[in-house]
Each structure stands twice: as structure tokens, then as C-alpha cells.
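The values are calculated or read from the model by the stated rules, or taken from the named source; none is laboratory data. These numbers come from a predicted model, not from an experiment. Using ideal geometry, Cβ is built from the backbone for each residue, glycine included, and neighbour counts are taken over all protein chains shown. SASA here: full protein model, heavy atoms, side chains in, ligands and nucleic acids out. Shrake-Rupley method; radii C 1.70, N 1.55, O 1.52, S 1.80 Å.
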Amino acid sequence: MSDSQKRNQLLSAGYITFENVLETEMVDELSRVTDGLLAEQSKEDAEYYRYQGSNITVNYQHPVFARLFALPRALAALAALGFDAPKFRSGYLLSKPPNAPPLYWHQDWVAWGDECSGWEVPAQVFLMYYLTDTNRENGCLRLLPGTHRKRIPFHDELPPAHEEKIYRASLDSTVFTTHPDEVDVPVKAGDLVIGDARLLHAAHANRTNQHRSLLTLWYFPDYESLPDSIKARTARKEPLKPPDWWEGDVGAAVEPLIPYYEGDAEPSVHNRVPGEHLGRVPGTTERPGRR
């Protein structure tokens, strides 16, 4: 697949997979480090985040995370999609224990009131690294292609993502339903899934006796093009306080990925509810398929 075809895949379907981005040695190192973080998770957090399995922030607890944030192969994948100056936002460890329930349907974009929500190019993307092979049995990703740009009736059936109502939903809720247009995205350990933050996605239950871990990293693929309101909400104003091990190649690689903003724009309003910008033809008040 050419770079232009890869970009078209992301823009039209909302996701694309790159194979063998992580070497086996790094998968093993990440597995060891994340197993340690999981061992420290409280029973209360495990219960609260039972549909994710865990929701542990990863930043600079260990040098391997910094190496992952600035991974050359991942940055090359973003460059192949036309994004050669991305900025790193945040990262999370999501690990389903054995026999864990599914993850609910949701989208992760949080600024639906801003006009950039209707742009063809995503304002924010996720980079998902699974640390084990995944399939329907152990909780692979499932998604609805095109829902990052096209409104479907299902959008209006879902509560706002990652809020109390959805955390407490029962398994017979709409948020766990099987949708006729959904697509499974099974991958091998070390593969990378890049997706638009606006895309509706979920995950199957883990019906095995092994835990299934993934790291989700968030980037602004074209940070400089974003409205100041988004930058004001998400970027740092003060210098990063690095850990002791920051010196050398690791720190030098991560520093250019950190977004900063020194302006005085009003931050965008936190809004997880897809509104008027979803499905709108850029530069018009028209939505595709509507007259």
C-alpha cells in the first residue's frame, strides 16, 4: 500500500494498521514494566474501570515509555500518513484480566463544539500497541469504519464516553450491543493501530485465562494547524520536569514532541457529545447525504 493509500485509509475509514512496529525485545520489556504497574492497581480502581480492565496513566515512570513515545518506527508511520510534526498528548495502560467484560462503544474526542471536529484531517489520533496477539476471544478492538466523519443513528443511542453513566452500565445496555456494520481488528503483538479520536470503537470481552494488555498513546498529528482554543486546553505552558534518567538520547527524542502554547485564547469547552460538526462538509452548513 502506498503512502497516499494509507492516508486515504485513515481519512476515509478512520483507522489503519501497521505491522511489526515494535520489536520483540521492546514488547517483552513493555510487558514486564506494565505487569508491574498492574500489580500496584487497587481493587477499587480495577472494579471502577472493569470495562477497560485498567486505566493507568503512563508517562515517565520508566525509560521504556519515553522510548515508546518517540519510537522512530511509529513516527515514520505518522509521516507516511502525512504527519511529520506530531505532538504527544498522553498515554494509558488498558489491560483486560482473564474473563473480563467487553469495552463499551464510545468515541474519545473531547472538543465537539469546535469547528475542527468537522475537518477531514483528524485533530487527534490514538496509537494502540497490543502486547499480545489479539482476537475475538481475548478482547480485540472492534470499530465502526467511517463514523469519525459520518453520523449514524447509533451515535444518538450512546451516552457521553467515559462518564459515570457508561461506567455503571449493565451488560445488556446498548453500549455493548453488536452492530451490523462493526469490524474486528485483530493484530499481532508489536503491531500498531492508528485511529481517529472521533471514531466509534469498542472491544470484545476477554474470554481467556490470560490478561490482554495494550498501551494507547494520544497524539496531535498536525498540532500547528489546530485552533488556539484546542492548544490552550491541551498544551503545556511550563517546561517539562524530567525524571533523573532524562539525560541523553531519550530526553532529546521526546522533547520535540511536547506541545506548548503561550497564547491567551480561551480553552475549548470539554464536550464529548458529537454535535453539528459531525458529518458536515467543510466550509458549508451541509452534511453528506442531507439536503
(request) Sort the chain into rounded, prolate or oblate with this rule: let a ≥ b ≥ c be the square roots of the eigenvalues of the Cα gyration tensor; rounded if a/c is under 1.5, and if a/c is not under 1.5, prolate when a/b is larger than b/c, oblate otherwise. (result) rounded
(request) Compute the Cα gyration tensor for the stretch 109-249, then decide on rounded, prolate or oblate, letting a ≥ b ≥ c be the square roots of its eigenvalues: rounded whenever a/c is under 1.5, prolate when a/b is larger than b/c in the other cases, and oblate in all that remain. (result) oblate
(message) Set the bar at 25 Å for Cα to Cα. Now go through Lys96/Lys188; Lys165/Lys241; Lys6/Lys231; Lys43/Lys231 and name every pair that lies beyond it.
(response) Lys165/Lys241; Lys6/Lys231; Lys43/Lys231
(message) Need one word for the stretch 87-174: rounded, prolate or oblate. Basis is the Cα gyration tensor (sqrt eigenvalues a ≥ b ≥ c); a/c below 1.5 gives rounded, then a/b vs b/c decides.
(response) oblate
(request) Per residue of the stretch 194-204, in order, report the coupling 6.51 cos²θ - 1.76 cosθ + 1.60 (Karplus, θ = phi - 60°) as ³J(HN,Hα) in whole Hz, putting x for Gly and Pro. (result) 10, x, 6, 4, 7, 6, 6, 8, 7, 8, 6
(message) Only sites in a loop by DSSP and with at most 15 other Cβ atoms within 10 Å count here; which trypsin sites (Lys or Arg not before Pro) in the stretch 1-57 make the cut?
(response) Arg50
(message) Under 17 Å between alpha carbons, and skipping anything fewer than 8 positions from Lys237 in its own chain: which lysines qualify?
(response) Lys87
(request) Along Cα→Cβ, 7 Å out, is where each label goes; now give me the distance between the ones at Thr24 and Val64 in nm to one decimal. (result) 1.6 nm
(message) Please report the spacing between the Cα centers of the stretch 186-260 and the stretch 137-164 in Å, no decimals.
(response) 20 Å
(message) From Cα pairs below 8 angstrom and at least 6 apart in sequence, can you work out the relative contact order of the stretch 138-243, rounded to a whole percent?
(response) 45 percent
(request) Give me the distance between the Cα centres of the stretch 2-52 and the stretch 111-132, rounded to whole Å. (result) 15 Å
(message) With a 1.4 Å probe and all protein chains left in place, how much of the accessible area of the chain comes from carbon and sulfur atoms, in whole percent?
(response) 49 percent
